[in-house]
């Protein structure tokens with residue numbers, strides 16, 4: 001899928017500049033130029049949005065919610081992750097693992113029950129883009 005996005009961005013560059021981009025051109029620069037997000041980031045944002053709705057009962061799925069393992073620490077600590085990550089053994093469990101692992105990356109600066117979905121997504125985008133630019 002990323003290859004299709006890359007070709008589309010090159011096509012947009014060609015249509016706008018009337019010159020096809022050279023081989024090995026910076027993909028991130030083209031994304032910024034056309035105000036697009038990488039597909040990986042879009043997948044993560046959608047998984048955060050689904051997890052947010054699942055935990056807040058905006059998505060009615062008790063079967064999926066029962067598969068989410070909340071981490072309950074023995075001692076109170078501000079650095080404990082929100083979700084316990086067990087080894088996924090099925091596609092459904094892998095999807096939940098993916099969502100929970102992504103939220104755990106920002107759990108020290110976000111609260112799933114208090115913050116809005118936009119807050120969660122912007123925090124993740126800030127963290128993700130700082131990693132890409134480093």
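Throughout, read-outs are computed from the coordinates displayed, never taken from laboratory work. No experiment lies behind these values; they were computed from the predicted model shown. We place every Cβ from the backbone using ideal geometry, glycine too, and count neighbours over all the protein chains shown.
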Radius of gyration and Dmax for the chain's Cα atoms, expressed in Å? 18.3, 62
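Can you give the relative contact order of the chain as a percent, counting alpha carbon pairs under 8 Å and 6+ residues apart?
Working: 95 pairs, mean separation 26.8, N = 134.
Computed over the chain, the figure is 20 percent.
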For the ranges 13-24, 113-124, what's the packing order if you count other beta-carbon atoms within 10 Å of each residue, average per peptide, and put the highest first? 113-124, 13-24
Taking Cα atoms only, helix 91-106 is inclined relative to the longest principal axis of the chain by an angle, in degrees rounded to 10, of 90 degrees
